[in-house]
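First the structure, in the form of structure tokens, and then the observations on it.
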Amino acid sequence: MILSYALIFTTGCFALALLMNLWRVVSAPGVPDRILALDTMVINFIAILVLYGIIEGTAVYFEASILIAMVGFISTVAYARFMLRGNIIE
């Protein structure tokens with residue numbers, strides 16, 4: 001019983017953090033700040049997926065979170081490379 005309350009509270013905290021990151025993406029002063037906010041949004045979304053998988057008791061959400069983690073990492077590297085060099089593929 002207390003575990004279900006803790007899971008719901010934690011999901012709410014990560015959802016609030018996701019909204020704060022969305023605000024940072026919109027109102028960031030520079031592009032590097034927006035890239036970091038997007039990367040943090042991916043991490044928060046992964047945490048929400050894992051928590052939802054624990055709540056539902058299924059492993060599908062864990063697999064989806066692994067796929068999103070890989071895509072998030074690749075996109076962060078691509079954004080950073082574009083910032084440094086101006087192109088992604090040489």
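On inspection, Ile48 passes the criterion of being outside any loop (DSSP other than H, G, I, E, B), without any contact (Cβ under 8 Å) to a residue 60 or more places away in the chain, out of contact with any Lys or Arg (no Cβ under 6 Å at 6 or more places or on another chain) and at negative phi. Mind checking which residues of the range 68-87 are among the β-branched types (Val, Ile, Thr) and either loosely packed, with under 12 Cβ neighbours inside 10 Å or without any contact (Cβ under 8 Å) to a residue 12 or more places away in the chain (or both)? Residues satisfying the conditions are Val71, Ile74, Val77. Close Cβ contacts (under 7 Å, 6 or more residues apart or on different chains) running from residues in the range 8-32 that are assigned to a helix (DSSP H, G or I) to residues that are of a type in the set (Lys, Arg) and surrounded by 11 or more Cβ atoms within 10 Å (Cβ to Cβ) comprise Val25/Arg34. Among the residues of the range 28-67, the one identified as of a type in the set (Ser, Thr, Tyr) and surrounded by fewer than 14 Cβ atoms within 10 Å (Cβ to Cβ) is Thr58.
Every read-out reported here was derived from the displayed coordinates using simple, explicitly stated rules and does not represent laboratory data. Because the structure is predicted, anything quoted here is derived from the model rather than measured. Using ideal geometry, Cβ is built from the backbone for each residue, glycine included, and neighbour counts are taken over all protein chains shown.
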